[in-house]
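Here is the structure we will look at.
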Amino acid sequence: CGFCGTAEPEEKARLLAGPVVPVASPVKVDYWKVMPSEVPLSAELRDAFVAESESVLIEPDDSYTIEVGNQKLPWLEVQRTLQFQFPEQDNHFHHFFQDSETYGGETEIGWVLISHTVHRGDTLLLIRDLYANKLYREPGELSVEQFIAKIKFPIRFASLKPVQADYQSIVSLDDIMIVRNYKFGVLYAADGQEEESAWLDNNEGSEAYEKFLDLLGERIELRGWEDYKGGLDVESGTTGEHSVFQKFNGKRIMFHVGTLLPFDTKSDQQIARKRHIGNDIVVIIFKEAQAKLKTITRSQFNHIYIVVQEDTENEGHYIVEVARRDGVDLFVPAIPFPSSIPAASLQKFILYKALNGEWAAYRSPQFHSRLSRARQMQLQSFIESKK
């Protein structure tokens with residue numbers, strides 16, 4: 001055109017390129033709907049749980065679902081469900097991604113940071129989203145775009161841009177974002193005690209209860225303790241002198257044990273104990289009461305109760321039932337029916353159940369917005385600082 005012939009070179013290039021079209025923001029989708037929880041149980045097994053009326057340990061409650069047992073899962077089959085139902089919490093970037101490329105951006109499911117590499121003939125993709133860091137592996141050499149399409153991850157590659165971050169900064173980010181530390185409450189329910197207020201008043205338990213605590217983990221002295229503290233005082237003894245601690249498959253667990261936390265003679269509600277146990281998502285109750293336990297509490301955090309009692313009809317075994325608050329999906333390991341578990345397997349069963357329960361609760365309406373908000377802020381801040 002005549003006008004183009006008289007324009008400056010930069011202006012001419014702009015005119016030939018045509019008008020600038022703004023990049024549309026990704027249309028947001030509900031992450032929790034497009035990325036459902038993966039429960040390693042077939043539909044047939046999911047339909048085989050017995051009715052809550054069969055419960056012998058927990059009183060049915062409209063706000064909770066009680067897992068009594070699965071009729072189609074004998075104990076030998078249950079052992080196959082002893083596995084983690086959440087992404088492995090390890091710094092995969094540190095182990096496998098020394099030579100890699102990283103992309104990030106705001107996508108249909110929020111801020112996402114993806115690292116890509118080829119390792120021993122396989123393509124590895126480490127995806128960090130609003131729920132967790134998850135490692136994917138596929139044979140052969142795939143680009144990021146090809147990999148995303150293959151696993152049907154619900155984002156468009158066009159939403160991502162290269163992130164100019166050095167190796168150590170990403171290692172440090174992942175160290176912050178992965179979850180290695182956990183805290184669970186432990187209460188003792190003596191005979192005649194059906195409700196939480198009575199359980200919190202207990203200063204000691206039976207011989208069977210003490211044996212159960214030893215099964216859960218190691219008794220530790222809090223003063224001077226240098227590992228994960230779980231919010232307990234390790235300097236001046238304000239949260240008691242001892243606790244129970246466990247390391248399990250790379251996870252560090254501090255138990256908030258009611259009978260080991262200080263007893264307040266001036267508090268009817270045992271606020272000091274409630275301050276810790278009331279803020280735990282998972283609470284384990286060792287029951288000797290004959291009546292069923294009531295799951296109603298005043299805590300907004302307690303979402304899962306794992307109730308354990310010695311099986312008086314099968315020596316060396318324990319009966320286990322689980323109450324999960326509405327909004328928390330089913331999680332493994334599944335409980336057999338009858339729900340009698342050998343003592344030698346009880347520790348592993350409870351630890352898998354508690355850890356999977358915690359992560360199942362992270363996805364519930366009560367918690368997922370808090371979890372996603374914190375992770376989204378971390379991802380957005382990192383990505384925008386590395387443009």
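The values are calculated or read from the model by the stated rules, or taken from the named source; none is laboratory data. On a predicted model such as this, the values are computed, not experimentally measured, just so you know. Methodologically, a virtual Cβ is constructed for each residue, glycine included, from the backbone with ideal geometry; neighbour enumeration extends over all protein chains shown. Please note that ligands, DNA and RNA were not included when accessible areas were found on the heavy atoms of the full protein model with its side chains. Shrake-Rupley method; radii C 1.70, N 1.55, O 1.52, S 1.80 Å.
Rounded to the nearest 500 deg cm²/dmol, what is the calculated helix-only ellipticity per residue at 222 nm for the chain, with -39500 (n - 2.57) per DSSP H run of length n ≥ 4? Working shown, then result.
Numbers: 13 runs with 110 residues, N = 387.
Computed mean residue ellipticity for the chain: -8000 deg cm²/dmol.
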(message) Compute the distance from the alpha-carbon center of the range 234-285 to that of the range 289-313, in whole Å.
(response) 17
(request) Starting from the eigenvalues of the Cα gyration tensor, five times each then square-rooted, give me the equivalent ellipsoid semi-axes of the range 79-140, largest first, whole Å. (result) 21, 18, 10
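Using a 1.4 Å probe, what is the accessible area per residue for the range 221-321, in Å²? Let's see the in-between values first.
Numbers: 4780 Å² over 101 residues.
Here the per-residue accessible area is 47 Å².
Nearest 20 debye, what's the magnitude of the dipole of the chain about its Cα centre given +1 on Lys and Arg Cβ and -1 on Asp and Glu Cβ? All intermediate terms of the calculation are to be shown ahead of the outcome.
Working: 42 positive and 57 negative charges, 286 e Å.
Result for the chain is approximately 1380 debye, rounded to the nearest 20.
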(message) Kirkwood hydrodynamic radius, the chain, all distinct C-alpha pairs: what's the number in Å?
(response) 23.6
(request) Provide the gained length on full extension for the span residue 369 to residue 47, in nm with one decimal, where the gain is 0.36 nm per separating residue minus the Cα-Cα distance. (result) 112.9 nm
(request) Could you check how many percent of all C-alpha pairs in the range 98-178 are farther apart than 19 Å? (result) 32
(message) Take residue 75 and residue 180, extend 7 Å from each Cα along the Cα→Cβ direction, and tell me the distance between the two endpoints in nm.
(response) 3.5
(message) So the label point goes 7 Å from the Cα of residue 381 along Cα→C-beta, right? Which residues of the range 128-147 then have their backbone N under 20 Å from it?
(response) 128-133
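Ranked from highest to lowest mean number of other Cβ atoms within 10 Å per residue, what is the order of the peptides 303-309, 375-381, 31-37? If you can, show how the numbers build up before the last one.
Values: 303-309: 24.1, 375-381: 16.3, 31-37: 13.9.
Put in order of decreasing packing, that is 303-309, 375-381, 31-37.
Does the range 155-246 classify as rounded, prolate or oblate by the C-alpha gyration tensor (a ≥ b ≥ c root eigenvalues; a/c under 1.5 gives rounded; else a/b over b/c gives prolate, otherwise oblate)? Intermediate values should be presented prior to the final figure.
On the way: a/c = 3.55, a/b = 2.20, b/c = 1.61.
In terms of gyration-tensor shape, prolate.
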(message) Give the separation of the Cα centroids, the range 337-365 to the range 105-179, in Å.
(response) 30
(message) Quick check: from the Cα gyration tensor, does the range 56-99 come out rounded (a/c under 1.5), prolate or oblate?
(response) oblate
(request) Provide the packing ranking of 162-168, 145-151, i.e. peptides ordered by the mean count of other C-beta atoms within 10 Å per residue, highest first. (result) 145-151, 162-168
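What does the charge count near residue 35 come to, summing +1 for each Lys or Arg and -1 for each Asp or Glu among other residues with Cβ under 15 Å from its Cβ? Write down the numbers at each step before the final one.
Numbers: positive: 28, 33, 128, 134, 152, 363, 375; negative: 30, 38, 108, 129, 329.
Once all neighbours under 15 Å are counted, the net charge is +2.
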(message) Let me check the size of the range 197-355 from its C-alpha atoms; what are the radius of gyration and Dmax in Å?
(response) 15.7, 46
(request) Rank-order 311-320, 208-217 by packing density, defined as the average count of other C-beta atoms within 10 Å over each peptide's residues, highest first. (result) 208-217, 311-320
(request) List, in the order given, every pair from 134/274; 134/387; 229/353 whose Cα-Cα distance in the structure shown is over 28 Å. (result) 134/274
(request) In vacuum, with every alpha carbon of the range 347-387 counted as one equal point scatterer, what does the Debye formula give for log10 I(q)/I(0) at q = 0.22, 0.26, 0.33 Å⁻¹? Two decimals, please. (result) -0.72, -0.80, -0.96
(request) Using a 1.4 angstrom probe, figure out how much accessible area the range 98-178 has per residue, in square angstrom, rounded to the nearest whole. (result) 45
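Could you work out the per residue convex hull volume over the alpha carbons of the range 275-384, in cubic angstrom?
Working: hull volume 14.3 nm³, N = 110.
Convex hull volume per residue, Cα atoms: 130 Å³.
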(message) Give me the net charge for the shell around residue 332: Cβ to Cβ below 12 angstrom, other residues only, Lys and Arg +1, Asp and Glu -1.
(response) -1
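With a sphere of radius 14 Å drawn around the Cβ of residue 119, what net charge do the other residues whose Cβ falls strictly inside it have (Lys, Arg +1; Asp, Glu -1)? All intermediate terms of the calculation are to be shown ahead of the outcome.
Working: positive: 120, 137; negative: 99, 101, 122, 138, 141.
Summing Lys/Arg as +1 and Asp/Glu as -1 gives -3.
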(request) Roll a 1.4 angstrom probe over the protein heavy atoms and tell me the percent of accessible area of the range 98-178 that is carbon or sulfur. (result) 49
